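Just below is one structure, and these are the notes that go with it.
The values are calculated or read from the model by the stated rules, or taken from the named source; none is laboratory data. What you are looking at is a predicted structure, and each value in this text was computed from that prediction instead of being measured. FYI the Cβ positions are ideal-geometry reconstructions off the backbone, even for glycines, and counts take in every protein chain you see.
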Amino acid sequence: MDDNRRNPISGDEVALRRIQRLALHLYTPSAPLSGELSLLPCRAKRNLSPSVESLSEYMRGPHREIQARIFEFFQSRPDLQTPVEISMAEHRQLCMKQMMALVREAGIRPFRYLVENPSAYFAIAEAVGGIDISLGIKMGVQFSLWGGSVINLGTKKHKEKYFDGIDNLDYPGCFAMTELHHGSNVQALQTTATFDPITDEFVINTPNDGAIKWWIGNAAVHGKFASVFARLILPLQGKGGKSADMGIHAFIVPIRDLETHALLPGVEIHDCGHKVGLNGVDNGALRFSHVRVPRDNLLNRFGDVSRDGKYTSSLPTVNKRFAATLGELVGGRVGLAYSSVGVLKIAVTIAVRYSLLRQQFGPPRKPEVSVLDYQSQQHRLMPMLASTYAFHFATQYLVDKYSEMKKTNDDQVIGDVHALSAGLKSYVTSYTARSISTCRESCGGHGYAAVNRFGILRSDHDIFQTFEGDNTVLLQQVAGDLLKRYQEKFKGGTLSMTWNYLRESMSSYLSQPNPVTARWEGEDHLRDPKFQLDAFRYRTSRLLQSVAARLQKHTKTLGSFGAWNRCLNHLLTLAESHIESVVLAKFIEAIQNCPDANTREVLKLVCDLYALDRIWKDIGTYRNVDYVAPNKAKAIHKLTDYLSFQVRGVARELVDAFDLPDLVIRAPIGMASEAYEQYTQHVGF
Ligand SMILES: Cc1cc2nc3c(=O)[nH]c(=O)nc-3n(C[C@H](O)[C@H](O)[C@H](O)COP(=O)(O)OP(=O)(O)OC[C@H]3O[C@@H](n4cnc5c(N)ncnc54)[C@H](O)[C@@H]3O)c2cc1C
């Protein structure tokens, strides 16, 4: 029997079908390949034709105008643009000059926005970070940390005295929390602020070298004030007439003379020196030797000391006051999460544009193909592009929630913003840090030229994972919060918006997986947002339930600290899984709210890739509990590759829709046009 009789499909048909399948990996609707390959048909149901303008319009948000003003201002001032090669000393001076010019010449007052319109402030921070990440961080230290501590931890008298100076940069300042021996564990700080009832002053002191304030931004060169976090000590107020330690409080401490800029008596500052990145920011180490400040310099919103040395607070315990104090500082995390997405957009744009431009190899005797047509390159970059979109909407949501929190002071919103800012800050900054390296690799040798930006993006952004709360520490806060909500669920308490799914669907998520749906593998099913969201939430719910049981078991023998440590990796996975669920939910919501059908369709494609890629990356978990049968796992894998291929077809439009001007992209290889020409010109041809 010949082959044709054994198989009703002829050998030619088989070959044709195979060619058609291969073509799926090569066909591109937006930038047809040269030669015959472009004539091969694609199985895509229909080509998407995204309008960059409407996509961009939808992404832009309400503050594009102010971002455009910032870009125009720096575009018109080449003297304020950071060159590729610059010494640390020059970079620090340039950063200060850039910030001064922004405030005093361009008339953009970030501090006022921070107080009156936080979402505009975060948009400014993102744009400024696009000019130079060092500038973004220096601005964050001045307005969000130093200014934010005065506004949020102080009272009316502090606002009246310091607002204008912080706003117009007459009072450049620092946020001095971290010490040599303690960063993450703020409750263990050792600097003291002892009340002297005779002079009505606090005496700020560094009791040992471990208590030297370390890494303090703006301290080495420019700062004139610092908000110093120290233990408030009240002599004679403790048991048996001993001193009472009232816990960590913040104090305004002048560190340099306003006129001469000389260090003030008792203040010793040393330069932390050259860093891996962010060398435009002057980090310093400070030692205080019995520095006296007036009693009024205590930022007294959550705790105060009267003239006769009595302590008062609306909050009953040291722990509650500590939580309230640190809670007021979440704005920094919101800003970092948001700005990290901005950095990711820059890196992805450069990598995608270059991968479209760059041609290597191809079929025999045919023109070369774009490297983005290689499945491996799509696999590297397209899920990353999809994640950038997902994070864009999630951090936008976080910013909106933060603004709502500031307006309403609603307890539920506060809880939501605290956990979400910790979670998104950790998740997004870790993702961006990894992705910048992938983007560099995907641009081959030219990705290694400093002018093409990956080096500086990577080294400047890297510390986003650590400051404003180490990512591993912050994820534990998310896990702790989830466990608290889990307990509340059983007690019938209220749950805030982002956690509602725990109540609504926990029981269904935790029932045995349905053996029928576990086998469903149709594209419509896999691209159904309900399937995707259910899968994400199922994973979170299982992780939550299992870790709660493990903690309970281990606490009996190991105590709570030991049990927590025994389950730590489990807890971190839980926190990440929850954040991924929130990110997906917000992406789906953003698609539903998009008024333009065409844009909606493109976003849906991108969202499907984000969701299925995440499920595929964690397929072992789903397989282990038979949530997904083998045939379905295979279908998810296949569809993920196919969606990557489809997204590649609209990749140029997707990065163009970020609407980043050349001033921000800067990398010659990442220019929208004439990239090679710009690159050759850069080296002098
Ligand atoms: C460039 C730069 C600028 C900075 N600017 C300022 C500033 O202006 N003002 C200021 O006050 N501070 C500033 N900092 C300090 C920064 O906020 C701290 O470095 C940060 O909070 C982390 O603390 P740490 O360095 O003590 O890390 P550590 O807590 O010592 O962390 C070391 C390692 O231990 C792990 N680890 C720690 N605790 C746990 C735990 N409970 N569970 C599991 N793992 C754990 C961490 O994940 C990390 O890998 C800056 C730091 C840098 C580098």
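Does at least one position in the range 531-549 carry a residue that is among the aromatic types (Phe, Trp, Tyr) and modelled with pLDDT under 95?
To start, the set of residues in the range 531-549 that are among the aromatic types (Phe, Trp, Tyr) comprises 531, 536, 538.
With modelled with pLDDT under 95 added as a condition, the list becomes 538.
Checking the range 531-549: at least one residue is among the aromatic types (Phe, Trp, Tyr) and modelled with pLDDT under 95.
Can you confirm whether the range 52-59 contains a residue that is in contact with a strand residue (DSSP E or B) (Cβ under 6 Å, 6 or more places away or on another chain) and buried (at least 16 other Cβ atoms within 10 Å of the Cβ)?
Kept after step one, since they are in contact with a strand residue (DSSP E or B) (Cβ under 6 Å, 6 or more places away or on another chain), are these residues of the range 52-59: none.
No.
Going by the structure shown, is VAL281 within 16 Å of the ligand (Cβ to nearest atom), closer than 25 Å to ASP196 by Cα and buried (at least 16 other Cβ atoms within 10 Å of the Cβ)?
On the way: within 16 Å of the ligand (Cβ to nearest atom): yes; closer than 25 Å to ASP196 by Cα: no; buried (at least 16 other Cβ atoms within 10 Å of the Cβ): yes.
No; evaluated as a whole, the condition is false for this residue.
Please give the number of the condition VAL318 fails out of (1) of a type in the set (Val, Ile, Thr); (2) surrounded by fewer than 17 Cβ atoms within 10 Å (Cβ to Cβ); (3) at pLDDT 95 or above.
The number of the failed condition is (3).
Across the range 394-410, what is the total count of residues that are surrounded by fewer than 23 Cβ atoms within 10 Å (Cβ to Cβ) and touching a Lys or Arg at 6+ places or on another chain (Cβ under 7 Å)?
Number of matching residues: 1.
Looking at (1) in a helix (DSSP H, G or I); (2) crowded, with 19+ Cβ neighbours inside 10 Å, which is the only condition PHE302 fails?
(1)
Out of the residues in the range 159-188 that are within 23 Å of the chain's Cα centre (by Cα), surrounded by fewer than 21 Cβ atoms within 10 Å (Cβ to Cβ) and not polar (S, T, N, Q), state the one that is nearest to the ligand (Cβ to nearest atom).
Only one residue fits best here, namely GLY183.
Would you tally the residues in the range 144-158 being more than 16 Å from the ligand (Cβ to nearest atom) and hydrophobic (A, V, I, L, M, F, W, C)?
From the range 144-158, those more than 16 Å from the ligand (Cβ to nearest atom) are 151, 154-158; that's our starting set.
This time we only want the ones that are hydrophobic (A, V, I, L, M, F, W, C), so: 151.
Number satisfying all stated conditions: 1.
Name the residue, out of LEU526, LEU574, that is over 26 Å from the mean Cα position of the chain (by Cα), closer than 28 Å to ALA394 by Cα, among the aliphatic types (A, V, I, L, M) and modelled with pLDDT of 95 or more.
Values: LEU574 fails: over 26 Å from the mean Cα position of the chain (by Cα).
Just one listed residue meets the conditions, LEU526.
Assigned to a strand (DSSP E or B) and within 13 Å of the ligand (Cβ to nearest atom), is that true of LEU286?
On the way: assigned to a strand (DSSP E or B): yes; within 13 Å of the ligand (Cβ to nearest atom): yes.
Yes.
Can you tell me which residue within the range 457-492, out of those that are small (Gly, Ala, Ser) and assigned to a loop (DSSP other than H, G, I, E, B), is modelled with the lowest pLDDT? Even if it seems obvious, please write down each step before you answer.
Taking the range 457-492 as the starting set, the residues that turn out to be small (Gly, Ala, Ser) are 459, 469, 479-480, 492.
Checking the rest, the ones that are also assigned to a loop (DSSP other than H, G, I, E, B) come to 469, 492.
Numbers: GLY469: 96, GLY492: 57.
Ranking the candidates gives GLY492 first.
Is there any pair linking a residue in the range 534-550 that is under 17 Å from LYS484 (Cβ atoms) to one that is among the β-branched types (Val, Ile, Thr) and modelled with pLDDT of 90 or more, with Cβ under 7 Å and at least six apart or on different chains, and which?
Matching pairs, first to second residue: LEU543/THR573.
Looking at (1) in a helix (DSSP H, G or I); (2) touching a residue at least 40 places away in the same chain (Cβ under 8 Å), which one does GLY147 not meet, given that it meets all the others?
For GLY147, the failing item is (2).
Among the residues of the range 459-487, which ones are surrounded by fewer than 21 Cβ atoms within 10 Å (Cβ to Cβ) and closer than 26 Å to VAL683 by Cβ?
Once the filter is applied, which keeps residues that are surrounded by fewer than 21 Cβ atoms within 10 Å (Cβ to Cβ) and closer than 26 Å to VAL683 by Cβ, the range 459-487 yields only SER459.
Which pairs turn up if I take residues in the range 424-446 that are without any contact (Cβ under 8 Å) to a residue 60 or more places away in the chain and look for partners that are of a type in the set (S, T, N, Q) with beta carbon separation below 6 Å, at least 6 apart in sequence or on another chain?
If the second residue must be of a type in the set (S, T, N, Q), the pairs left are SER430/GLN465; SER430/ASN471; ALA433/GLN465.
List every residue pair whose Cβ atoms sit under 9 Å apart, with the two residues 6 or more apart in sequence or on different chains, where the first one lies in the range 307-330 and is without any contact (Cβ under 8 Å) to a residue 40 or more places away in the chain and assigned to a loop (DSSP other than H, G, I, E, B) and the second, anywhere, is among the aromatic types (Phe, Trp, Tyr) and buried (at least 17 other Cβ atoms within 10 Å of the Cβ).
Listed by first residue and then by second, the contacts come to SER313/PHE302; SER314/PHE302; LEU315/PHE302.
Which one of PRO515, PRO529 is in contact (Cβ under 8 Å) with a residue 24 or more places away in the chain, loosely packed, with under 13 Cβ neighbours inside 10 Å and not basic (Lys, Arg)? First the steps, then the outcome.
On the way: PRO529 fails: loosely packed, with under 13 Cβ neighbours inside 10 Å.
The conditions single out PRO515.
Give me the residue from the range 234-263 that is of a type in the set (Lys, Arg) and under 23 Å from PRO316 (Cβ atoms) and, out of that set, modelled with the highest pLDDT.
Residues of the range 234-263 that are of a type in the set (Lys, Arg), as a first pass: 239, 242, 256.
Filter again for under 23 Å from PRO316 (Cβ atoms), leaving 239, 242.
Values: LYS239: 86, LYS242: 92.
In this case the residue turns out to be LYS242.
Taking LEU584 and the conditions (1) in contact (Cβ under 8 Å) with a residue 24 or more places away in the chain; (2) within 16 Å of the ligand (Cβ to nearest atom), which numbered condition does it fall short on, given that it satisfies the others?
Of (1) in contact (Cβ under 8 Å) with a residue 24 or more places away in the chain; (2) within 16 Å of the ligand (Cβ to nearest atom), only one is false for LEU584: (2).
Looking at (1) within 18 Å of TYR610 (Cα to Cα); (2) within 16 Å of the ligand (Cβ to nearest atom), which is the only condition ASP534 fails?
Tallying (1) within 18 Å of TYR610 (Cα to Cα); (2) within 16 Å of the ligand (Cβ to nearest atom), ASP534 fails exactly one: (2).
Only residues that are assigned to a loop (DSSP other than H, G, I, E, B) and either touching a residue at least 12 places away in the same chain (Cβ under 8 Å) or acidic (Asp, Glu) (or both): list them for the range 237-272, please.
To start, the set of residues in the range 237-272 that are assigned to a loop (DSSP other than H, G, I, E, B) comprises 237-238, 242-243, 255, 257-262, 264-266, 272.
Within the range 237-272, GLN237, SER243, ILE255, ASP257, LEU258, GLU259, HIS261, LEU264, PRO265, GLY266, CYS272 qualify.
Pick from VAL478, VAL413, VAL369, VAL417: which is in contact with a Gly (Cβ under 6 Å, 6 or more places away or on another chain) and more than 16 Å from the ligand (Cβ to nearest atom)?
Values: VAL478 fails: more than 16 Å from the ligand (Cβ to nearest atom); VAL413 fails: in contact with a Gly (Cβ under 6 Å, 6 or more places away or on another chain); VAL417 fails: in contact with a Gly (Cβ under 6 Å, 6 or more places away or on another chain).
Within the list VAL478, VAL413, VAL369, VAL417, the selection yields VAL369.
Give the range 248-264 a look and list any residue that's closer than 23 Å to ASP304 by Cα and surrounded by fewer than 19 Cβ atoms within 10 Å (Cβ to Cβ), or say none.
PRO254
Search the range 189-216 for residues being among the aliphatic types (A, V, I, L, M) and in contact with a strand residue (DSSP E or B) (Cβ under 6 Å, 6 or more places away or on another chain), and hand back the single one that is nearest to the ligand (Cβ to nearest atom). Working first, answer last.
Of the residues in the range 189-216, the ones among the aliphatic types (A, V, I, L, M) are 189, 193, 198, 203-204, 211-212, 216.
Filter again for in contact with a strand residue (DSSP E or B) (Cβ under 6 Å, 6 or more places away or on another chain), leaving 189, 193, 203-204, 211-212, 216.
Working: LEU189: 10, ALA193: 16, VAL203: 21, ILE204: 15, ALA211: 13, ILE212: 12, ILE216: 5 Å.
Within the range 189-216, the match that is nearest to the ligand (Cβ to nearest atom) is ILE216.
Among the residues of the range 640-654, are any touching a helix residue (DSSP H, G or I) at 6+ places or on another chain (Cβ under 8 Å), surrounded by fewer than 21 Cβ atoms within 10 Å (Cβ to Cβ) and in a loop (DSSP other than H, G, I, E, B)?
Scanning the range 640-654 turns up no residue that is touching a helix residue (DSSP H, G or I) at 6+ places or on another chain (Cβ under 8 Å), surrounded by fewer than 21 Cβ atoms within 10 Å (Cβ to Cβ) and in a loop (DSSP other than H, G, I, E, B).
Read through the list (1) away from the ligand (no atom under 14 Å from the Cβ); (2) in a loop (DSSP other than H, G, I, E, B), then give the number of the only condition that ALA337 fails.
(2)
Quick check: anything in the range 667-676 of a type in the set (Ser, Thr, Tyr), at pLDDT below 95 and either part of a helix (DSSP H, G or I) or farther than 24 Å from GLN532 by Cβ (or both)? Working first, answer last.
Residues of the range 667-676 that are of a type in the set (Ser, Thr, Tyr), as a first pass: 673, 676.
From what is left, the residues that are at pLDDT below 95 are 673, 676.
In the following step, the residues that additionally are either part of a helix (DSSP H, G or I) or farther than 24 Å from GLN532 by Cβ (or both) were identified as 673, 676.
Taking every residue of the range 667-676 in turn, at least one turns out to be of a type in the set (Ser, Thr, Tyr), at pLDDT below 95 and either part of a helix (DSSP H, G or I) or farther than 24 Å from GLN532 by Cβ (or both).
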